[in-house]
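Note sheet for the following structure.
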Amino acid sequence: MTVVPTLPTSLPEQLAGPSVWPAGAVLAPGGDVAVGGVPLLELAERYGTPVYVLDEAEVRARARAWRRALPDADVVYAAKAFLSRAVVDWMEQEGLGLDVCSAGELELAASRGFPAERIVLHGNAKSPQDLRTALRLGVGRIVIDSEGEIARLAAQVQGPEPQQVMVRVLPGIEAGGHRKIRTGGEGQKFGLSLANGDAEEAVARVLGQPGLELVGLHCHLGSQIASPEPYARAVRRLVALLARLRDRHGITLPELDLGGGFAVAYLPGDPAPAPAAYGRRIQDELIRSCAESDYPAPRLTVEPGRSIMAPAGVALYRVLAVKRSGGRVFAAVDGGMSDNPRPALYGARYTVRRVGRVSAAPMRATTVVGRHCEAGDVLAESVELPEDLRPGDVLAVPGAGAYHVSMASGYNMTGRPPVVAVAEGRSRVLLRRETFEDHRSRDIGL
C-alpha cells in the first residue's frame with residue numbers, strides 16, 4: 001500500500017469549526033485526500049464503490065477522549081452506531097463497555113470474548129430471545145423500559161444471583177437535532193414518565209421482585225445534542241428522583257446512566273462540543289445537585305456512539321451521471337438510501353468533496369442523488385462541487401462512520417457496501433461487500 005506522509009496542509013473544511021474529517025486526514029497530491037495514511041482514490045480503486053472507510057486511530061482517540069472527560073465514570077459505546085468484530089475488540093482494548101439493543105449485538109460481542117459485565121442491554125421492546133440471551137451471557141445491566149417488562153424479566157431469572165437492572169426514566173426534556181431523534185420528552189415510546197409517576201411506580205415494582213436488583217436510573221435524551229445543558233437538566237431531575245426514592249423506600253441507588261446523543265459536525269461550523277465540555281458540565285451539576293439533596297454522588301455512565309464513530313468514517317461513491325434539470329445540477333452516484341437512509345429519514349446534511357482530480361473549474365451547487373427509484377433518494381442537497389464534475393469521478397462524504405452501514409438495507413438488491421479500516425498507511429476489510437449470492441442463499445422458496 002502507498003504510505004502518505006503527514007502534510008502540513010489542513011483540509012479547507014476543517015478551518016471553519018469542528019472538523020468534519022478524521023483528525024489525521026490530509027490533502028494528498030492530485031486533489032486527493034489521505035485518511036489513515038492511505039489516499040481515498042486508491043481505496044476506491046482497490047475495493048470498489050460504494051465503500052466505507054473507517055480510521056481506526058480516530059475511533060480509538062475519540063474513545064480515549066471520553067474516558068479522559070469522565071475518568072470516574074463508565075463509558076459505554078452505543079453499538080447501534082456501528083458494530084463489527086474489530087470494533088468490539090477496539091472498545092475492549094480502550095476500556096469501554098458496550099451498549100447493545102438485541103441478541104444479535106450481544107452474540108457478536110460474546111463471540112469476541114467481550115466481558116459480559118461491561119455490557120448494558122436496553123430497548124423499548126426487548127424480545128424473549130433478547131432477554132434469554134442477556135441472562136445466559138450474564139450481562140452487567142438490563143435497562144427496564146416498561147412496567148410489563150419487569151415481571152417478564154424476573155420470571156426468566158434462574159439465579160442464584162439477581163439480575164442487576166436500571167429503570168429508564170423519561171425526564172421530560174426535549175433535546176436533539178430532529179423530532180425523530182428526540183427521546184427524552186413526554187408522549188413517545190421510550191421509558192417511564194417522571195411527570196406522571198410511572199417511573200416511581202416501576203421502581204416500586206422492581207423492588208418487589210427478588211430476582212432483580214435495582215442499581216440505578218437510566219435516561220436518554222435524544223441525538224445530536226449540541227449543548228451540555230440538557231444533560232445538566234437531566235442530572236438535576238434524576239438526582240431529585242433518587243432522593244425521593246431514598247426517602248420513600250430507604251434505598252440509595254449507586255448508579256446514574258445519562259445515555260448518549262452527543263453531537264458531531266456534519267457541515268463546517270456545526271456545533272460539536274468536545275467530550276471534556278460535556279464532562280465538566282455534567283460533573284459540576286452532579287456535585288451541586290447531590291449536595292442540595294444530601295445524596296451521595298452516584299457513579300455515572302455515558303453512552304457515546306455517534307460521537308466516537310461518525311467522524312472516523314468516510315463514504316466513497318463514484319459518479320454515474322450528471323444531469324441538469326429545472327435549473328439544478330444532479331450528480332447520481334452508485335449508492336444511495338440503501339447504504340445511508342439518514343437524509344431520507346430526517347433530512348441529515350453532509351459535506352461532499354471530489355477526490356483524485358484537480359481542476360480550475362468554478363464551484364456550483366449540486367445535489368448528490370442515489371441510484372434508487374425514489375424521489376427522496378438524496379444523499380446531499382445543494383453542496384458545492386466543481387462545475388466540470390463528470391461520470392467516473394469519486395466523491396467523498398465525511399462523517400459517515402455511524403448509522404450508515406448499521407442502518408443499511410437490501411433495497412433493489414444492490415448489496416451493502418464493504419467497510420475498510422485504515423491505520424498507519426495500510427487498509428484491511430472489516431465487512432466484505434454483500435453480493436447477489438448472499439441474497440440468493442436466503443431465498444429458499446420454490
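The values are calculated or read from the model by the stated rules, or taken from the named source; none is laboratory data. Quantities reported herein were computed from a predicted structural model and do not represent experimental measurements. Cβ atoms come from the backbone with ideal geometry, glycine included; neighbour counts cover every protein chain shown. Ligands, DNA and RNA are excluded from the accessible area calculation, which covers all protein heavy atoms including side chains. Shrake-Rupley method; radii C 1.70, N 1.55, O 1.52, S 1.80 Å.
Taking springs between alpha-carbon atoms closer than 10 angstrom, which of A226, A25, A204 fluctuates most in the Gaussian network model of the chain?
Answer for the Gaussian network model of the chain: A204.
Compute the relative contact order of the chain as a whole-number percentage, counting only Cα pairs closer than 8 Å that sit 6 or more residues apart in sequence.
Reported relative contact order: 20 percent.
How much accessible area does Y52 have with a 1.4 Å probe, in Å² rounded to the nearest 10?
Taking all protein chains as shown, Y52 has close to 10 Å².
So for M337, M166, M413, M407, what's the accessible-area order with a 1.4 Å probe, most first?
Output order, biggest surface exposure first: M413, M407, M337, M166.
Using the Karplus equation 6.51 cos²θ - 1.76 cosθ + 1.60 (θ = phi - 60°), what ³J(HN,Hα) coupling, rounded to whole Hz, does each residue of segment 104-121 give in order, writing x for Gly and Pro?
My calculation for segment 104-121 gives x, 5, 4, 5, 5, 4, 5, 5, 9, x, 5, x, 4, 5, 9, 10, 10, 10 Hz in order.
Can you tell me the 0 to 90 degree angle between the C-alpha axis of helix 229-249 and the longest principal axis of the chain, rounded to 10?
Between the helix axis and the principal axis of the chain, the angle is about 20 degrees.
Rounded to the nearest 5, what % of DSSP beta bridges with both residues in the chain are antiparallel?
Of the beta bridges lying entirely in the chain, close to 50 percent run antiparallel.
Check which residues have an amide H placed less than 5 Å from A78's amide H, if you skip close sequence neighbours.
Correct list: D99, G305.
I'd like the distance between the alpha-carbon centres of segment 62-127 and segment 251-310, rounded to an integer number of Å.
Segment 62-127 and segment 251-310 have Cα centres separated by 17 Å.
Probe radius 1.4 Å, ligands and nucleic acids left out: which of F330, F114, F436 has the largest accessible area, and how do the rest follow?
F436, F330, F114
Measure nothing but the geometry: give the 0 to 90° angle between the long axis through the Cα atoms of 147-156 and the longest principal axis through the Cα atoms of the chain, rounded to 10°.
Computed tilt is about 80 degrees.
Where the accessible area of the chain is counted over protein heavy atoms with a 1.4 Å probe, how much of it, in %, is carbon and sulfur?
Answer for the chain: carbon and sulfur cover 51 percent of the accessible area.
How far, in nm, would the chain grow between N124 and E174 when pulled straight, counting 0.36 nm per residue and subtracting the alpha carbon separation?
16.2 nm
Report the number of Lys pairs in the chain whose alpha-carbons are under 19 Å apart, with separation of 8 or more residues or on distinct chains.
Qualifying lysine pairs in the chain: 5.
To the nearest 0.05, how large is the calculated FRET efficiency for A360 and A321 if R₀ is 35 Å and r is the Cβ-Cβ distance?
Efficiency, from the Cβ-Cβ distance: 0.90.
Roughly how tilted is helix 275-293, in degrees to the nearest 10 and between 0 and 90, from the longest Cα axis of the chain?
The helix 275-293 is inclined about 20 degrees to the chain.
Tell me, Kirkwood radius of the chain from alpha-carbon pair distances, in Å?
23.1
Taking only protein heavy atoms and a 1.4 Å probe, what accessible area per residue, in Å², does the chain have with all protein chains in place?
41
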